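Encoded as structure tokens, the structure appears first; notes follow it.
Computed from the coordinates by the stated procedures, all read-outs in this text should not be read as laboratory data. Only a predicted model underlies this, so the values are computations on that prediction, with no experimental measurement involved. For neighbour counting, all protein chains shown are included, and Cβ atoms are generated from backbone atoms with ideal geometry for every residue, glycine included.
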């Protein structure tokens, strides 16, 4: 027997009813084939965002020649920092060289670039920031500069976190090539 398009009817799977989960069972987890969950908890980080005077001057007065810098408003920059913060911490745990730890030395602090690629425009927002671990659950993020361009200068060995609508991508400038490292879904 065939339907109107000449296809055989599909065999329907029987309804197996309600699925019962045994909370006392030992099951697979990430590191064991025989484990049981005993507790779940959330951790919260307090994060403060600071802006360096250089960023403020560029935002308010533009370039040294008076050319304005459009699209680097504080609320856009802070939103980009907020949207990428947890991913930045994750990338830092995997690769290091993203979060600065005491003792701090401004000349050797690690600076990363956040890029907002959610708009699909050729000129996208670039923000140079530093993440600093302050204490057990507190981080400071300092904005150094921001530009809305496609050719933002990335230093050698510097990390870039690109924000897309559905993910972030971590890249690193290695010998003048921006190499893919990994990505995380949002």
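Quick notes on this one:
- Within the listed set 89, 114, 23, the Gaussian network model of the chain (springs between alpha-carbon atoms below 10 Å) gives the highest mean-square fluctuation for 23.
- Cα-based Rg / Dmax (Å) for the chain: 23.7, 80
- Residues residue 31 and residue 52, FRET efficiency given R0 of 41 Å [Cβ-Cβ distance, rounded to 0.05]: 0.50
- Residue exposure sequence - 144, 50 - by fewest surrounding Cβ within 10 Å: 50, 144
- Stretching the chain fully between residue 82 and residue 149 yields a gain of 22.1 nm (0.36 nm per residue, less the alpha carbon separation).
- The range 46-185: relative contact order in percent, alpha carbon pairs under 8 Å with at least 6 residues between: 25
- Among 157, 47, the order by Cβ neighbours within 10 angstrom, fewest to most, reads 157, 47.
- Computed helical MRE - 222 nm, the chain, DSSP H runs ≥ 4 contributing -39500 (n - 2.57), nearest 500: -5500 deg cm²/dmol
- Distance histogram in 5 Å bins (all Cα pairs of the range 14-69, percent per bin): 4, 11, 10, 9, 7, 8, 6, 6, 5, 6, 7, 9, 8, 4, 1
- In this calculation the C-beta distance from residue 19 to residue 181 is compared with R0 = 35 Å, giving a FRET efficiency of 0.35.
- Ranked by how many other Cβ atoms sit within 10 Å of their own Cβ, fewest first, the residues 136, 98 fall in the order 136, 98.
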